[in-house]
Amino acid sequence: MKRLFSILVIAAITVLGAYNLKAANSANILPGTIVTFVQDDEEAMAGDDLEGEELGFHQELKKRFIEGGPAFMGIVLLCLILGLAIAIERIIFLNLSTTNTKKLAQDVEDALNSGGIEAAKEVCRNTKGPVASIYYQGLDRADESIEAAEKAVVAYGGVQMGQLEKNVSWVSLFIALAPMLGFMGTVIGMIQAFDRIEAAGDMQPSLVAGGIKVALLTTVFGLIVAIILQIFYNYIIAKIDSIVNDMEDASIILIDMLVAYKNKKRI
């Protein structure tokens, strides 16, 4: 009986020890597992955050452009491309048309005093820009009279001004057209949103979210295009005004030079 009791006690102790050991192992494994799960979750969240950070401005812009729909967004993009092409062409042309008016006037005056009309015309031939062209036309009529030279300068100045302002009206058209297309996309998106509400018979945010999102994106991109083109347009207008002012000042200087040259020849 004592032996049986001793065996039961030893068995109980063995079972209890095994249970405690298993519980201890489980306790050791569980925190490690939890830590691993937490670490994995944190790494996943960090990866998502990193992916969101890696989504740069161009990717975000491309994503929003696609979400806005190809119909109106493509037309707005076309307005931007054409407007920028014309604006860049005008800027290059205007920069090439810019002349050092004071230096040109001094060279023409020196040539006029030393070699006469033909020498002054040769200086104008070798100089680019509308001011040199105006000088050449005025000098070409200088043998007739001062009035004829002045009329030639005024007439050719108008021609040169038209060349400077060529195609600028298209840039202003695209500036007005881009936001108008954006607003049209806004109206169409709102109409689609209300059509979905009418078809569903219920006012649910998920029904109108897509239409309103498209509407807002088309408006935003239309305004962005208009702002970009407006900056280029203002620069072009300012450049044209500067060249036109130089042309007017140079015309007055040329007439004064011709008057002085005529008076010198009479003496």
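Here are the numbers for this structure:
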quantity: Computed Rg/Rh of segment 97-136, alpha carbon atoms with Kirkwood Rh; calculated: 0.94
quantity: Gain on full stretching of the segment that runs from residue 262 to residue 91 - 0.36 nm per residue minus C-alpha separation; calculated: 57.7 nm
quantity: Ranked by how many other beta carbons lie within 10 Å on average, peptides 239-248, 158-167, 136-145 from highest; calculated: 136-145, 239-248, 158-167
quantity: Contour excess over end-to-end distance, with Cα ends at residue 183 and residue 81 and 0.36 nm allotted per residue; calculated: 34.8 nm
quantity: Neighbourhood net charge (13 Å Cβ-Cβ; Lys/Arg +1, Asp/Glu -1) for residue 139; calculated: -4
quantity: Too-long pairs where the Cα-Cα distance tops 28 Å, listed order kept, from 239/262; 103/239; 213/239; calculated: 239/262; 213/239
quantity: Under 14 Å, Cβ to Cβ, from residue 231 - net charge with Lys/Arg +1 and Asp/Glu -1; calculated: +2
quantity: Integer Hz, Karplus 6.51/-1.76/1.60 couplings in order for segment 241-247, x for Gly and Pro; calculated: 4, 5, 5, 5, 4, 5, 5
quantity: Size of segment 99-231 as Cα extents on the principal axes (Å, biggest first); calculated: 91, 25, 15
quantity: 5 angstrom amide H check on residue 129, placed H, neighbours 5+ away; calculated: none
quantity: Debye log10 I(q)/I(0) for segment 75-150, one point scatterer per Cα, at q = 0.15, 0.26, 0.27 Å⁻¹; calculated: -0.59, -1.13, -1.18
quantity: Kirkwood Rh, Cα atoms: Rg over Rh of segment 226-267; calculated: 1.44
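Read-outs: derived from the displayed coordinates by stated rules, not from any lab. Because the structure is predicted, anything quoted here is derived from the model rather than measured. All Cβ positions, even for glycine, are placed from backbone atoms using ideal geometry, and neighbour counts span all protein chains on display.
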